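The values are calculated or read from the model by the stated rules, or taken from the named source; none is laboratory data. Source: prediction; values computed, not measured. Glycine gets a Cβ as well: all are built from the backbone with ideal geometry, and neighbour counts include every protein chain shown. Surface accessibility is based on the protein's heavy atoms, side chains included, excluding ligands, DNA and RNA. Shrake-Rupley method; radii C 1.70, N 1.55, O 1.52, S 1.80 Å.
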Amino acid sequence: KSGNLNPGDRIVSVGDGDGDGGKDTAMKEIKRLSLDDVTDLIRGPKGSTVRLEILSANSPEGSASKVVRIVRDKLSA
């Protein structure tokens, strides 16, 4: 819904919180995690924020990643 992610974007790491230093968790690299474990990291209470470090689908090898902040909400079908 936010428009910050596109098909083919690759998630590199996940962190809880909006990055303002409050109750944030450190970004956790997901390279060796199962899909279920990554899903568990991304899910959380409605209205809370999750940070995703992503590489754009069309970015060349070695490109810099970016951090996207998403407010969690109920998914619609």
**Selection count where residues are in contact with a Lys or Arg (Cβ under 9 Å, 6 or more places away or on another chain) and assigned to a strand (DSSP E or B), scope region 51-76** = 10
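Residue-by-condition table, conditions (1) touching a Leu at 6+ places or on another chain (Cβ under 9 Å); (2) closer than 18 Å to Asp16 by Cβ:
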{"position": "Thr39", "(1), (2)": "no, yes"}
{"position": "Gly44", "(1), (2)": "no, yes"}
{"position": "Arg51", "(1), (2)": "no, yes"}
{"position": "Ala57", "(1), (2)": "no, no"}
{"position": "Glu61", "(1), (2)": "no, no"}
{"position": "Val68", "(1), (2)": "yes, yes"}
{"position": "Val71", "(1), (2)": "no, yes"}
**Prompt:** Across region 42-66, what is the total count of residues that are of a type outside the set (D, E, K, R) and touching a Ser or Thr at 6+ places or on another chain (Cβ under 9 Å)?
**Reply:** 7
**Message:** Can you report the number of residues in region 1-16 which are assigned to a strand (DSSP E or B) and either over 17 Å from Ile30 (Cβ atoms) or open to solvent by 70 Å² or more (accessible area, probe 1.4 Å) (or both)?
**Reply:** 1
**Fill in**
Among the residues of region 3-29, the number that are modelled with pLDDT of 85 or more, within 12 Å of Glu53 (Cα to Cα) and not hydrophobic (A, V, I, L, M, F, W, C) is 7
**Item:** Candidate set from region 28-50 (those that are closer than 17 Å to Leu5 by Cβ and assigned to a helix (DSSP H, G or I)); member that is least open to solvent (accessible area, probe 1.4 Å)
**Value:** Val38
**Request:** Give me the pairs, please: first residue somewhere in region 51-75 and open to solvent by 90 Å² or more (accessible area, probe 1.4 Å), second residue anywhere and polar (S, T, N, Q) and assigned to a strand (DSSP E or B), beta-carbon distance under 9 Å, and either six or more positions apart or on two chains.
**Result:** Arg69/Thr49; Val71/Thr49
